[in-house]
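Novice: Quick one: the structure is below, questions incoming.
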Amino acid sequence: MTNRHQNLENRYKNIPGKIIALKNGDISLASDSEHELNDDDLLILQKQNEQTDFAPDSRLRWLKAATSDPDRAGDEMVIEGADTENFLRNPQFLWSHGQTDEPVHTLGKILKLVATPNALYALAEYADADVSELAEKIFQMDEAGYLPANSIGFNPTEWEPNEFGGNRFTKWELIEISKVELPCNPYAIDDGAPATKQLSLFEAANLF
């Protein structure tokens, strides 16, 4: 672990769920926050609904993955600073950042990322029931509205202190996107509607 990452670990050690321990001894951070969509966001996202093919038995869900406003820890994510190159080689959609006793945490895969001026959205596809009992359980709870929260695991690469007592992450590598029960920010939630309704206002895309 680098000294800079050690400093981050010390800062966030008392914030539940913020630190994600990696098997190599390094850390990743969890980030999730709510942001009220502005007109630019709506213009960028509306077309995604038109371009997404939702079958009647679709297992697709649009997730609000990250936003640019301060979260509970006082941190801000600069959306345009995201590095998604490695993520797109292995677009993992996980359960709870892989931090449970489950032998496999993969719920499915991320099919598409959409960046707006203020947020990062992801189109997730849950694995079929005959492939993963865990994915089926989480999918059914998600569809029923019991698991609306999402979070990302990211590797911070450049950051600076901000006016909210946290850090402004200007460059960061996206590692994974998770469905979670209790995110760092309790407002990091989907609206509970099926994917076809979640994007009913969305237009045009800035895709990674």
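Novice: Counting only protein heavy atoms and a 1.4 Å probe, tell me what percentage of the stretch 59-128's accessible area is made up of carbon and sulfur.
Specialist: Numbers: 1170 of 2720 Å².
About 43 percent, which is the carbon plus sulfur part of the accessible surface.
Novice: Something else: May I ask you to order 112-122, 134-144, 95-105 by the average number of other C-beta atoms within 10 Å around their residues, highest value first?
Specialist: The packing order, highest mean first, is 112-122, 134-144, 95-105.
The values are calculated or read from the model by the stated rules, or taken from the named source; none is laboratory data. On a predicted model such as this, the values are computed, not experimentally measured, just so you know. Please note: Cβ atoms are built from the backbone with ideal geometry, for glycine as well, and neighbour counts cover all protein chains shown. Side chains are part of the model used for accessible areas, which takes the heavy atoms of the whole protein and leaves out ligands, DNA and RNA. Shrake-Rupley method; radii C 1.70, N 1.55, O 1.52, S 1.80 Å.
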